[in-house]
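Report on the following structure.
Where a number appears in this text, it was derived from the coordinates with a stated rule and is not lab data. Computed from a predicted structure; not experimentally measured. Glycine gets a Cβ as well: all are built from the backbone with ideal geometry, and neighbour counts include every protein chain shown.
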């Protein structure tokens, strides 16, 4: 599998993502945001961090980076794009995903382990995993409070585009288990075709034996499975 | 020269946790009559151009493209003529 990880000025999870895929013998390219060549990947990752210092709104300036028009073209052709944390914010700002990641309800930066429940097992990122599976994957953000208008939320629900919801360790989706005030406990959504996924939790931070959770590997293995068919 | 004074504010339907925190703080300072506080952004843009019509069109485009997020925010602006330095 060929993976391209985009680095924007201020990205800080790009190397984590690259390492996780490189360790699993995938060909990983690091693509600078000013480049215009995506390096013919199977998967593009927009990593976490603080692109452009999160100035104005998170992700709002990164959407004008030269590489983003290539990312949009790649996504429109059906290429897999995974936006993690700041990457999710960039995907909503550039219109590849709907909604907005607003400031957390608590106004605090939240860095903690978090349980999320798999709601859609039919995306390339989750295929083969059991629906309802609970994953222990950390979050670290101040703007993760997913918001969308009523019609937009209904469209996400009706078309099964909510991929992950915040939950407790037993998989109960409750307001207590919602860390940031996100509407309908939304932690991750995909586009209509399912080839673009944005999620606030960091699977690349839960994919090494040295870390407390390896649950992020489920997502990485699902992507590998998608390409091996 | 023209100065565009741009306000970018959350739509009324969007929760403003920062505004709520400020309301709570003002209540604790004794301002019991305060019902709501909304936080917005104020942005000044200076144009080396005196054509108000052209500048106004550009400010609209700039707000739509970058300064405001149409999902959650609205904007308003006014232009002010500046004396040449």
Qualifying positions in region B:17-50 - within 23 Å of residue B:75 (Cβ to Cβ) and over 21 Å from the mean Cα position of the chain (by Cα):
B:48, B:49, B:50
The listed residue being in contact (Cβ under 8 Å) with a residue 24 or more places away in the chain and under 15 Å from residue A:14 (Cβ atoms), out of A:48, A:79
A:48
Filtering region A:20-60 for residues that are in a loop (DSSP other than H, G, I, E, B) and over 15 Å from the mean Cα position of the chain (by Cα) leaves a count of 17
Looking at region A:88-102, which of the residues that are in contact with a strand residue (DSSP E or B) (Cβ under 6 Å, 6 or more places away or on another chain) and assigned to a loop (DSSP other than H, G, I, E, B) is farthest from the other protein chains (Cβ to nearest Cβ)?
A:96
Hey, could you check region A:31-51 for residues that are in contact with a helix residue (DSSP H, G or I) (Cβ under 6 Å, 6 or more places away or on another chain) and over 24 Å from residue A:223 (Cβ atoms) and say which is nearest to the other protein chains (Cβ to nearest Cβ)?
A:34
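Which one of these is surrounded by 21 or more Cβ atoms within 10 Å (Cβ to Cβ) and farther than 21 Å from residue A:145 by Cβ: A:11, A:36, A:40?
A:11
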Which one of the conditions (1) over 17 Å from residue A:166 (Cβ atoms); (2) away from every other protein chain (no Cβ under 14 Å); (3) in contact (Cβ under 8 Å) with a residue 60 or more places away in the chain; (4) not in a helix (DSSP H, G or I) does residue A:116 fail to meet, given that it meets all the rest?
(1)
